[in-house]
Amino acid sequence: MVKMVSHGKHIAVIVQQLDKFNPKNQSVEIFLNEAAKTLQTLNVTDEQFVLDTLAGCIQHKSLLDVVVDAFFVQDGKYCLASERNLYAVICYLATFQLEKLGFQRFSRVVKSLDTVKMQKFLRFFFNTWHLNTWIKDEWSHFHDSLYVKENWIDPLLRWQPKVQQLIQQLTKKSSERITTLKTSMVTQPKEFHLTVPQQHAIPVPLPKPALEKRVPVPPSTYREPKEKKQLQEMKAKNRRKAEGLLLEANTNQFRCAIGKPEEEVIIQDIMKKKPAFQATKIQSKTDNIPIKLNAAAILREGALYQRKREQELKRIEHLLEGTGDPSEFLEWQKQMREKDLEEQLAEIECRRLQGKLSYEEAVLAHQNVIQENKRKAGLMREQKAELMRQYAERRLQEQKETRELVQQVVEGHKNAKQAKIKLQKYKQQIVQEVCEENRELLRQALEEEEERLRKRYQLIQEIRAIESLPSVRHKVVDLTETGGHGLICEMSIVELRERLALLREAQKAAEEERRDQIIHEKRAKEQLLLDKLDQISLYRTELGRAAALKICHNGTTGSDWKRVGKGSSRSFNTASWPEKWLRKASAAYEAARSGATICIWCSEVK
């Protein structure tokens with residue numbers, strides 16, 4: 001077995017890697033692979049020791065946490081929480097690697113660390129009572145109690161005497177360290193050689209300036225303002241007045257309900273002498289005020305009268321046709337409403353039954369889901385057990401491959417020198433080939449550059465020769481010729497000017513035609529407005545005449561006309577009308593269809 005160079009350094013590396021490990025974000029294999037890359041500076045034996053210790057501390061973390069947590073609660077109250085992984089590493093080495101390392105190597109590892117901390121932890125951990133009681137019970141929660149006792153507790157108890165000797169050595173070493181610190185030489189202070197300062201003359205103190213006499217505080221500052229006193233007096237006066245009014249109101253609160261006989265007689269006489277109220281009719285003087293109408297108002301009023309005429313025609317048609325008894329329609333409407341109500345009730349009952357069926361289906365589906373989840377959980381447990389078995393087999397295979405790789409690396413170190421010489425020769429050969437390729441590329445680049453410069457020189461000579469030739473400064477332009485660009489739409493300047501002149505003439509003719517059309521439309525619109533105004537004036541005249549006839553003819557009042565004028569919304573039975581009324585209605589209908597205005601009361605066509 002190769003001797004380790006620095007035990008404390010390796011333990012520090014292990015603790016540092018354990019501090020970096022986070023089981024929530026990375027797996028154990030990835031963490032160990034990354035740790036192996038960072039530990040390539042160590043030799044093979046030391047690297048294997050560090051990796052095995054890291055893997056063991058992670059694998060048995062739950063067992064080590066039991067001991068370390070108890071240590072921090074009892075004896076390690078004043079220890080740093082950042083040293084938790086240090087105690088976990090020592091606990092792992094003592095429990096799982098003591099037989100493999102040997103006690104001598106284990107003691108060297110312990111002595112390379114802090115003496116006081118190791119002495120305190122080993123005394124706590126190798127306590128016989130602790131090992132036989134709560135440590136054994138806590139570890140039995142994770143593994144079989146018999147396995148824990150035979151493989152972990154009994155070996156620790158066998159090593160307990162030698163560990164006690166190691167604890168005594170650590171205690172002695174720590175006490176010697178304390179005594180050496182106590183008997184160390186105390187630093188004796190020496191007096192500084194300071195320069196004695198020169199004595200200076202004491203300056204004459206300046207005279208104190210006289211302070212100005214302060215202005216005394218005026219007496220009005222401590223006196224209450226008169227406004228405050230006036231406000232208090234007004235408040236008291238108002239309060240007394242309000243209290244008097246309240247007392248008077250409470251005393252005479254029912255006096256208003258008791259009337260005096262003299263007052264009742266006076267009121268009755270006044271009411272008898274007072275004339276009765278007569279409503280006076282306000283004479284309207286705004287009937288003949290001229291109103292200036294614009295085009296929109298004229299068209300709007302014309303449309304209104306046209307709509308009224310159409311409504312009058314429809315009303316007369318309804319009067320001539322007559323309407324039937326509405327009892328049949330009401331009966332039919334009642335039956336349809338009852339039918340709709342029955343359909344709504346049937347639909348509500350159908351929805352209730354569908355809801356009940358859907359609830360039962362949901363219950364069955366929920367039970368099926370529960371059974372399916374149970375079946376899936378069983379399958380997942382089986383798959384998990386199979387995966388754990390495969391993981392254990394793969395782990396064993398990886399450990400086996402790691403051992404083989406270590407052996408191959410050890411054998412490879414023996415042939416490292418020969419491989420290094422071969423690698424050096426191979427690199428020299430590659431460098432020589434690269435140099436030759438660079439020379440060839442450089443030669444080709446020089447040839448291409450020379451060819452480019454030669455062509456450039458020839459081009460410059462041609463340009464200079466062309467520039468030296470005399471140029472024709474005057475050129476004759478023929479306006480009847482085309483540009484000669486090979487386009488289908490090419491034309492000469494003369495043809496272009498002719499086409500532009502034709503376009504201007506066509507545009508001018510279109511403008512004249514549009515102007516005439518606008519003038520014609522304007523005149524037609526003015527004529528339409530004049531016709532509408534004539535029609536509106538005619539309607540207004542006839543409406544005024546009809547209103548006068550409604551009031552005076554046959555003693556009909558305005559309220560009667562309003563009742564008759566609303567006949568379009570009422571139903572009339574023309575079968576019971578007299579012959580005189582039918583003749584008048586037919587004449588009114590024919591006159592209205594011809595566009596004339598008719599008085600329904602006297603059948604006079606206007």
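The values are calculated or read from the model by the stated rules, or taken from the named source; none is laboratory data. What you see is a predicted model; the values in this text were computed from it and never measured. Neighbour counts are summed over all protein chains in view; Cβ atoms, including those assigned to glycine, are modelled from backbone coordinates with ideal geometry. For the accessible areas, the whole protein counts, side chains as well, though only heavy atoms, and no ligand, DNA or RNA atoms are used. Shrake-Rupley method; radii C 1.70, N 1.55, O 1.52, S 1.80 Å.
Contact map, the stretch 520-546: residues that are more than 14 Å from residue 305 (Cβ to Cβ) paired with residues that are surrounded by 13 or more Cβ atoms within 10 Å (Cβ to Cβ), Cβ distance under 6 Å, separation 6+ or inter-chain. Pairs shown: 529/298.
Might you check whether a residue that is modelled with pLDDT under 90, under 30 Å from residue 539 (Cβ atoms) and of a type in the set (Lys, Arg) occurs anywhere in the stretch 334-343? Among the residues of the stretch 334-343, not one is modelled with pLDDT under 90, under 30 Å from residue 539 (Cβ atoms) and of a type in the set (Lys, Arg), which makes the answer no. Any chance the stretch 82-97 includes a residue that's among the small types (Gly, Ala, Ser), in a helix (DSSP H, G or I), closer than 14 Å to residue 15 by Cβ and at pLDDT 80 or above? Scanning the stretch 82-97 turns up at least one residue that is among the small types (Gly, Ala, Ser), in a helix (DSSP H, G or I), closer than 14 Å to residue 15 by Cβ and at pLDDT 80 or above. Taken as a whole, the structure places residue 117 among residues that are under 60 Å from the mean Cα position of the chain (by Cα) and either surrounded by 10 or more Cβ atoms within 10 Å (Cβ to Cβ) or more than 30 Å from residue 13 (Cα to Cα) (or both).
Against the condition charged (D, E, K, R), out of contact with any Asp or Glu (no Cβ under 9 Å at 6 or more places or on another chain) and at pLDDT 80 or above, how does residue 239 come out, does it pass? Against the criterion (charged (D, E, K, R), out of contact with any Asp or Glu (no Cβ under 9 Å at 6 or more places or on another chain) and at pLDDT 80 or above), residue 239 qualifies.
Checking each residue of the stretch 100-109 against the condition of being part of a helix (DSSP H, G or I) and small (Gly, Ala, Ser) gives at least one match. Evaluating residue 129 against the criteria (1) at pLDDT 85 or above; (2) under 16 Å from residue 152 (Cβ atoms) leaves one unmet condition, (2).
Within the option set 166, 80, 122, 86, being touching a Ser or Thr at 6+ places or on another chain (Cβ under 7 Å) and either under 27 Å from residue 16 (Cβ atoms) or among the hydroxyl-bearing types (Ser, Thr, Tyr) (or both) holds for one residue only, 166. Can you say whether residue 481 is surrounded by 10 or more Cβ atoms within 10 Å (Cβ to Cβ), acidic (Asp, Glu) and at pLDDT 85 or above, as far as the supplied structure shows? Spelling it out, it is not the case that residue 481 is surrounded by 10 or more Cβ atoms within 10 Å (Cβ to Cβ), acidic (Asp, Glu) and at pLDDT 85 or above. The single residue among 75, 65, 46 that is free of Cβ contacts under 8 Å to residues at least 60 places away in the same chain, open to solvent by less than 30 Å² (accessible area, probe 1.4 Å) and either touching a Ser or Thr at 6+ places or on another chain (Cβ under 7 Å) or charged (D, E, K, R) (or both) turns out to be 46. When the stretch 6-25 is filtered for residues that are part of a loop (DSSP other than H, G, I, E, B) and either under 11 Å from residue 89 (Cα atoms) or open to solvent by 50 Å² or more (accessible area, probe 1.4 Å) (or both), the ones remaining, listed by number, are 22, 23, 24, 25. Residue check: is residue 163 of a type outside the set (Gly, Ala, Ser) and in a loop (DSSP other than H, G, I, E, B)? No: the conditions fail for residue 163. If only residues of the stretch 376-416 that are aliphatic (A, V, I, L, M) and touching a residue at least 40 places away in the same chain (Cβ under 8 Å) are counted, the one that is least open to solvent (accessible area, probe 1.4 Å) is 406. Scanning for something of a type in the set (D, E, K, R), closer than 30 Å to residue 30 by Cβ and open to solvent by 100 Å² or more (accessible area, probe 1.4 Å), does the stretch 417-431 turn up at least one residue? No, every residue in the stretch 417-431 fails to be of a type in the set (D, E, K, R), closer than 30 Å to residue 30 by Cβ and open to solvent by 100 Å² or more (accessible area, probe 1.4 Å).
Note on the stretch 26-62: residues that are within 19 Å of residue 11 (Cβ to Cβ) and assigned to a helix (DSSP H, G or I) total 22.
When the helices (runs of 4 or more DSSP H) confined to the stretch 490-606 are screened for residues that are farther than 19 Å from residue 316 by Cβ and either of a type outside the set (S, T, N, Q) or modelled with pLDDT under 50 (or both), those reaching at least 1 such residues are found at 493-552, 558-565. Taking the numbered list (1) open to solvent by less than 10 Å² (accessible area, probe 1.4 Å); (2) over 30 Å from residue 176 (Cβ atoms); (3) more than 57 Å from the chain's Cα centre (by Cα); (4) touching a residue at least 40 places away in the same chain (Cβ under 8 Å) in turn, residue 153 passes all entries but (4).
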